[in-house]
Amino acid sequence: VSAAHALPAGFEDLEPFAAQWAIRSDDARARARYGRPAAELAPFYDAIMPRMQQIIEYLNGKDLRALDTPHLRLLYLAMAFMEVAMPIERLARPNPQSFDIGRVAVLAAHPRRITQLTDQLFLDA
Amino acid sequence: MSAQVRANWKVVVDAFQEAFHVSFVHRNTVCDAFTSKTNPYSHIAWVQLERMHRSASVYGVPELAREIHPAESLAFVYGTAFTQGAHAEAANLPGVNPAGIEDWAFDINVVFPTFFLDPSNHFYFTIQYWPSSVNQTRLDFRFYMPRAQNAGQLISQAYTNSIMRDAGLEDLGTIEDTQRMLESGALEHMILGDQEIALLHNYAVVDRMVRGEL
């Protein structure tokens, strides 16, 4: 696995998922899962689910605002897990009436607002 | 997030001020957190009508009274999430859950005509509606969450973000159908039920304003 997808020691086995799912933006993470059938999401879900507790407790031991790139990737993978968990655990079948995500925009940036959850990591205290 | 929908602003607002749609529109997503044997159609827990504004509290199933999904369970343990309901500290904040509903999920506070502020479990969301013509409305959804202190809290926020978006897309999915149905003229009247008292209130306020009585 190239350094571009490296995860912290102990989590190397999850590196094959980093290219597709270690995504910083909430919006891009969401778009990566909408429109994909559950069968395509299942391998990622199945690999991460048994490791989630370990990942969270490992990352909770670190300073959230001083994570290096491999740790950030691991955090983004865990956040992506929360995206794919929706269709796997709850949506037995997608709601055909649901509004098309393609018609939804991210609100414009504003000095006092953040547009992505992970922006919190890079704000001044 | 922001979306432009082809519907009159009142039709858009209607979709977010009653709760009984949950067991139909959200049957595949958040239904289990808001419906139970004691309240199978998520009947509104409390409502208060002001001169123009209005508030309501939405029923939520207690955390221990239903099956919690695996990802949801992680969100509850390491942070807090939208579907956590009454056991959240937020239910006890001043001005939140004003009627002290035991099985509380969130409040809907409507600032007439086009601003909603809905406090929930450790976060609140607002919806700002921008009517731009008789049948065009833009909705801006904003989620406000406390700054995460650790990774677990941030990952839990991602769960809330995801489930709120799914439910929001489902809500948006019904609005243009309603507008098309109304424009077709097939129905001369639309009957609103008791669960839609907030909608009735909105139409009454608008009607009185148009007549110059308010």
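Bear in mind that the values in this text are calculations on the coordinates, not laboratory data. This is a predicted model, so every value here is computed, not measured. Positions of Cβ are backbone-derived with ideal geometry, glycine not excepted, and every protein chain shown enters the neighbour counts.
For chain B, set up a Gaussian network in which alpha carbons nearer than 10 Å are linked by springs, and say which option among B:Ala15, B:Ala65, B:Ala167 fluctuates the most.
Residue with maximal mean-square fluctuation among B:Ala15, B:Ala65, B:Ala167: B:Ala65.
Run the paramagnetic zone check for A:Leu123: 7 angstrom along Cα to Cβ, then residues of region B:138-164 with backbone nitrogen under 19 Å.
Only B:141-162 fall inside the zone, counting backbone N under 19 Å.
How high is the relative contact order of chain B, given as a whole-number percent (alpha carbon pairs under 8 Å, six or more residues apart)?
It comes to 27 percent, rounded to a whole number.
Most fluctuating residue of B:Phe82, B:Phe24, B:Phe143 in a GNM of chain B with Cα springs under 10 Å: which is it?
The residue with the greatest mean-square fluctuation here is B:Phe24.
Note down the net charge around B:Tyr159, summing +1 for each Lys or Arg and -1 for each Asp or Glu among other residues with Cβ under 10 Å from its Cβ.
Surrounding charge for B:Tyr159 is -2.
B:Gly193: net charge of surrounding residues, Cβ under 14 Å, Lys/Arg +1, Asp/Glu -1, itself excluded?
-4
Per the Debye formula with a single identical scatterer at each Cα and no solvent contribution, what log10 I(q)/I(0) holds for the protein assembly as shown at q = 0.09, 0.14 Å⁻¹?
For the protein assembly as shown at q = 0.09, 0.14 Å⁻¹, log10 I(q)/I(0) is -0.50, -1.16.
Before rounding to the nearest 500, sum -39500 (n - 2.57) across all DSSP H runs of length at least 4 in chain B and divide by the residue total; then give [θ] at 222 nm in deg cm²/dmol.
When only DSSP H runs of four or more count, the value is -10500 deg cm²/dmol.
Helix B:197-210 against the longest principal axis of chain B: what's the angle in degrees, Cα atoms only, rounded to the nearest 10?
Tilt relative to chain B: about 40 degrees.
Please compute, for peptide A:98-108, the average count of beta-carbon atoms on other protein chains lying within 10 Å of each residue's beta-carbon.
6
For chain A, with a Gaussian network of springs between Cα atoms less than 10 Å apart, report the residue from A:Pro70, A:Pro16, A:Pro50 with the top mean-square fluctuation.
With Cα springs under 10 Å in chain A, the top fluctuation among A:Pro70, A:Pro16, A:Pro50 is at A:Pro50.
Under unit Cβ charges (Lys, Arg +1; Asp, Glu -1), what dipole magnitude, rounded to 20 debye, does region B:95-156 have relative to its Cα centre?
320 debye
Could you check the simple spin-label distance between B:His189 and A:Asn60, using points 7 Å along Cα→Cβ, in nm with one decimal?
In this crude spin-label approximation the distance works out to 5.8 nm.
For the charge dipole of region B:1-52, defined by +1 on Lys and Arg C-beta atoms and -1 on Asp and Glu C-beta atoms about the Cα centroid, which residue among B:Ser42, B:Asn8, B:Val22 has the Cα displaced farthest towards the positive pole?
It is B:Asn8, whose Cα lies furthest towards the positive end.
Where in region B:167-183 does the label zone of B:Asp207 land, with the point 7 angstrom along Cα→C-beta and an amide N cut-off under 13 Å?
The answer is none.
First check a/c for chain B, with a ≥ b ≥ c the square roots of the eigenvalues of its C-alpha gyration tensor; if it is under 1.5, answer rounded, and if not, answer prolate when a/b is larger than b/c or oblate otherwise.
Since a/c reaches 1.5 and a/b is larger than b/c, the shape of chain B is classed as prolate.
Kindly write out, for region A:67-75 in residue order, the coupling ³J(HN,Hα) from the Karplus curve 6.51 cos²θ - 1.76 cosθ + 1.60 (θ = phi - 60°), rounded to whole Hz, with x marking Gly and Pro.
With coefficients 6.51, -1.76 and 1.60, one gets 7, 7, 4, x, 5, 4, 4, 5, 4 Hz.
Hey, if you put +1 on the Cβ of every Lys and Arg and -1 on every Asp and Glu Cβ in region A:10-63, which of A:Asn60, A:Gly10, A:Ala30 ends up farthest toward the positive end of that dipole?
So the residue we want is A:Ala30.
Is the shape of chain A rounded, prolate or oblate, going by the alpha carbon gyration tensor and its root eigenvalues a ≥ b ≥ c, with a/c under 1.5 for rounded and a/b larger than b/c for prolate?
It comes out oblate by the Cα gyration axes.
Can you work out the Karplus-derived ³J(HN,Hα) for every residue in region B:173-181? Use 6.51 cos²θ - 1.76 cosθ + 1.60 with θ = phi - 60°, whole Hz, and x for glycine or proline.
Along region B:173-181, the couplings run x, 8, 5, 5, 5, 4, 4, 4, 4 Hz.
Quick one: P(r) of region B:90-186 from all Cα-Cα pairs, 5 Å bins, percents rounded to integers, in order of increasing distance.
2, 10, 17, 19, 18, 15, 9, 6, 3, 1, 0
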